[in-house]
1. For segment 1-37, what are the residues that are acidic (D, E) and open to solvent by less than 70 Å² (accessible area, probe 1.4 Å)?
2. Search segment 9-24 for residues that are within 11 Å of the ligand (Cβ to nearest atom) and pair each with any residue that is open to solvent by 20 Å² or more (accessible area, probe 1.4 Å) and part of a helix (DSSP H, G or I) when their beta-carbon atoms are under 9 Å apart and the residues are at least 6 apart or on different chains.
3. Inspect segment 25-37 for any residue being more than 12 Å from the ligand (Cβ to nearest atom), at pLDDT 95 or above and out of contact with any helix residue (DSSP H, G or I) (no Cβ under 7 Å at 6 or more places or on another chain) and give the result as yes or no.
4. Quick one: in segment 38-52, which of the residues that are touching a helix residue (DSSP H, G or I) at 6+ places or on another chain (Cβ under 6 Å) and closer than 18 Å to A91 by Cα is surrounded by the most Cβ atoms within 10 Å (Cβ to Cβ)?
5. Of all residues in segment 53-75, which are open to solvent by 60 Å² or more (accessible area, probe 1.4 Å) and either of a type in the set (D, E, K, R) or within 11 Å of the ligand (Cβ to nearest atom) (or both)?
Amino acid sequence: MDERTIQKLIEEAVKVLPNSYAPYSGIHVASAIVTDKGNIYRGVNVENSSYGLTICAERSAISAMVTAGERKPLAVAVVTDAEHPIPPCGACRQVIAEFNEEAEIIMYSVKSGERIIVNLRELLPSPFKLRG
Ligand code: THU
């Protein structure tokens, strides 16, 4: 992924970070996805008083992408206000892998300014699959 797109994805996620609903953990997360068509979709974490119902930012963003009729995320940014960048949780790895097992994952902390980029293959080498 080119540097300009990486910066753009981080910026787009930072813009919606204040919309994150995280009254229980206090960890705000926003995600921005760029697709093969060059469009960007965003999402934030949405917590619930019944904790297990929490939706992660990445899965919110994937839902926005699919709702818009798209199927191929090339890169997924995960931006947080936690001390350090956070990687997608296991469930989010599997959900991203459904659409692209080789998506680039860009992690960024607005607090530390640290940025980490890895390929989803490194985070989830063997996703569950029913087809192919
Ligand atoms: N969270 C995400 O949004 N994405 C992840 O991949 C990991 C965790 C959120 C869920 C919860 O609202 C907060 O971070 C703390 O777990």
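1. Taking segment 1-37 as the starting set, the residues that turn out to be acidic (D, E) are 2-3, 11-12, 36.
Once the filter is applied, which keeps residues that are acidic (D, E) and open to solvent by less than 70 Å² (accessible area, probe 1.4 Å), segment 1-37 yields only E12.
2. Y24/Y51
3. Filtering segment 25-37 down to residues more than 12 Å from the ligand (Cβ to nearest atom) leaves 32-37.
With at pLDDT 95 or above added as a condition, the list becomes 32-37.
Of the ones still in play, those that are also out of contact with any helix residue (DSSP H, G or I) (no Cβ under 7 Å at 6 or more places or on another chain) are 36-37.
Yes, the conditions are met somewhere in segment 25-37.
4. As a first pass, look at segment 38-52 and keep what is touching a helix residue (DSSP H, G or I) at 6+ places or on another chain (Cβ under 6 Å): 40-45.
With closer than 18 Å to A91 by Cα added as a condition, the list becomes 42-45.
Numbers: R42: 22, G43: 26, V44: 22, N45: 23.
For segment 38-52, the residue satisfying everything is G43.
5. Result: L53, I55, R59, R71, K72.
The values are calculated or read from the model by the stated rules, or taken from the named source; none is laboratory data. Model, not experiment: these values are computed from the prediction. In this analysis, Cβ positions are derived from the backbone assuming ideal geometry, glycine residues included, and neighbour counts consider all displayed protein chains. Side chains included, ligands, DNA and RNA excluded: accessible areas come from the protein's heavy atoms. Shrake-Rupley method; radii C 1.70, N 1.55, O 1.52, S 1.80 Å.
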